[in-house]
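Working notes, structure below.
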Amino acid sequence: MLHSGEITQNSSHFLEKQVISLEQKVNLLESKLEEVNAVLEEKEAKVIELECALTNNESPKEEMRRTVESQQKKYGEMEAELEGLFKQKIEAEVEYLAISRTIQKLRVAAGNQVAIFEEQKALALQRPQIFNGLGDSESKAEKLETYSEDIVRTNQVLKLQKRLSPHYVGVVPT
């Protein structure tokens, strides 16, 4: 069951909405009234102008011709203004597309920069391992060089022993 306070609050809220809606309608009607008044004033001015033309014994055809010329002039001005607005719209759209493409290219470039940075970072982390491997390879190469020199010397000694062994009967020191 609703208490009287809640009912009052709900009805107050409902009335506030109605007041706001009515205020909006009043504002809309006032603006329409202003527009209609402006049109009426324009038509009254036209009536006065036509009455003056008739009183001055101007022919209605001449007045009509002037009215048509005036309307054509206004039409031409409006057409030129409309063309200018379309031109501005097209320029703005082209500028928007150019900026959008530039932003897209910058995003791709930024992504590439991040990938390059990550790759360089990974290589930097591998560098100590590579240098350790190089040090190991260098020491192995030195050992192999020493072994090969020993083998060459041993081969030379063996060749000498073979040459000397048929001529010498004694023990050959090694």
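The values are calculated or read from the model by the stated rules, or taken from the named source; none is laboratory data. Note that the structure is predicted; figures quoted are calculated from it, not measured. Ideal geometry is used to build each Cβ from the backbone, glycine not excepted, and the neighbour counts take in all protein chains shown.
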Here the qualifying pairs (Cβ atoms under 8 Å; residues six or more apart or on different chains; first in the range 60-75 and among the charged types (D, E, K, R); second surrounded by 10 or more Cβ atoms within 10 Å (Cβ to Cβ)) come out as 62/53; 63/49; 63/50; 63/53
Among the residues of the range 117-131, are any under 30 Å from residue 53 (Cα atoms) and part of a helix (DSSP H, G or I)?
no
Would you confirm, using the coordinates I've provided, whether residue 170 is at pLDDT below 85 and part of a helix (DSSP H, G or I)?
no
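Conditions (1) surrounded by 10 or more Cβ atoms within 10 Å (Cβ to Cβ); (2) over 33 Å from the mean Cα position of the chain (by Cα); (3) at pLDDT below 85; (4) of a type in the set (A, V, I, L, M, F, W, C), marked per residue:
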| site | (1), (2), (3), (4) |
| --- | --- |
| 100 | yes, no, no, no |
| 131 | yes, yes, yes, yes |
| 144 | yes, yes, no, yes |
| 151 | yes, yes, no, yes |
| 154 | yes, yes, no, no |
| 157 | yes, yes, no, yes |
| 165 | yes, yes, yes, no |
